[in-house]
Amino acid sequence: MEIARKGGEIGRHHFRSLANLAVKKKGPLDLVTEADRTVEAVIVAHLQEAFPDDGVFGEEGGNIAGTSGRVWVIDPIDGTFNFVRGSQDWAVSIGLYEDHRPVFGVIYAPIRDLMLAGGRGFATTLNGTPMKPLPTLDMSQASTGLSFHPSVPTNERLEAIRYICDELRISFRVNGSATASLISVAMGETDGYISLGDSTWDVMAALPILANLGVAHTIDWDSTGLDDKLRFACGSDAFLTRVRPLLTRMDGNRPFEGSTRD
């Protein structure tokens with residue numbers, strides 16, 4: 001957790017000096033800043049020192065092979081677009097990947113002063129306090145997080161929104177950061193999350209944190225590589241039962257038949 005905090009403090013320093021921050025485009029609405037690169041470099045250095053046998057895989061190019069079979073997957077600033085625009089909805093994400101599964105994660109949202117951690121064998125905590133399981137799904141006041149990668153066609157975006165509004169008849173939130181959206185699930189502010197196009201580093205920390213709270217997901221990690229884009233949902237089993245038809249419809253070649261907390 002201290003490694004995530006150190007990275008977050010560097011990110012916060014840059015956040016307070018946005019006027020002087022260089023911003024580059026990786027693609028449409030896909031930005032990278034010197035803060036992203038600096039935070040990742042610091043996290044990688046500390047992880048290598050603490051876990052010299054482990055590999056590292058970072059969004060901004062950090063890719064170091066290890067010998068242990070474990071890989072730390074880093075998103076130094078998830079929500080860079082929000083970061084650049086002055087929004088508080090960004091966070092440092094560090095997840096541990098082992099045996100083709102995310103097994104442990106740490107998330108630090110510096111501006112909101114939120115530190116979440118947990119995973120296999122480690123109870124999920126928020127700022128050191130154990131978190132409560134996901135509340136029972138109540139469709140009369142249900143809400144889901146939603147995100148689209150810029151490359152997702154407009155017709156697919158509209159179909160997702162139509163399904164949520166017309167068939168599920170629930171509210172949805174789009175805030176530009178997978179990690180921030182998944183924090184909302186953990187805190188009971190939303191009931192689930194639907195993503196078309198997130199990267200593995202966007203969710204590697206959050207999913208094991210959420211698994212301890214009763215949150216399942218539809219990702220088949222056995223057929224998913226660290227460089228792949230994801231189409232998935234996460235939430236309670238009841239939530240996934242309701243959104244699975246949408247995911248199957250959006251990708252008929254890869255139906256989302258099951259759910260897992262791995």
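The values are calculated or read from the model by the stated rules, or taken from the named source; none is laboratory data. Keep in mind that what you see is a predicted model, and the values were worked out from it rather than measured. Here Cβ is always computed from backbone atoms with ideal geometry, including for glycine, and neighbour counts include all displayed protein chains.
Couple of notes before you dig in:
- Only one of the listed residues (116, 146) is in contact with a Ser or Thr (Cβ under 9 Å, 6 or more places away or on another chain), touching a residue at least 24 places away in the same chain (Cβ under 8 Å), surrounded by 16 or more Cβ atoms within 10 Å (Cβ to Cβ) and not assigned by TED's automatic domain parsing to the domain that holds residue 42. That residue is 146.
- Filter result (outside any helix (DSSP H, G or I) and within 20 Å of residue 98 (Cα to Cα)) within the range 35-60: 51, 52, 53, 54, 55, 56, 57, 58, 59
- Residues of the range 143-176 classified as part of a helix (DSSP H, G or I) and either among the aliphatic types (A, V, I, L, M) or under 16 Å from the mean Cα position of the chain (by Cα) (or both), total: 5
- For residue 140: the one exception among (1) in a helix (DSSP H, G or I); (2) touching a Phe, Trp or Tyr at 6+ places or on another chain (Cβ under 9 Å): (2)
- Residue within the range 83-91 that is in contact (Cβ under 8 Å) with a residue 40 or more places away in the chain, out of contact with any helix residue (DSSP H, G or I) (no Cβ under 8 Å at 6 or more places or on another chain), crowded, with 16+ Cβ neighbours inside 10 Å and hydroxyl-bearing (Ser, Thr, Tyr) present: yes
- Identification of helices (runs of 4 or more DSSP H) wholly contained in the range 190-253 with 1 or more residues that are at pLDDT 95 or above, more than 17 Å from the chain's Cα centre (by Cα) and of a type in the set (A, V, I, L, M) yields 237-250.
- Filter pass, residue 125 being among the polar types (S, T, N, Q), surrounded by fewer than 20 Cβ atoms within 10 Å (Cβ to Cβ) and either under 17 Å from the mean Cα position of the chain (by Cα) or assigned to a strand (DSSP E or B) (or both): yes
Rundown of residues vs (1) of a type in the set (A, V, I, L, M); (2) under 16 Å from residue 39 (Cβ atoms), yes/no style:
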position: 67; (1), (2): no, no
position: 72; (1), (2): no, yes
position: 84; (1), (2): yes, yes
position: 90; (1), (2): no, yes
position: 98; (1), (2): no, no
position: 102; (1), (2): no, no
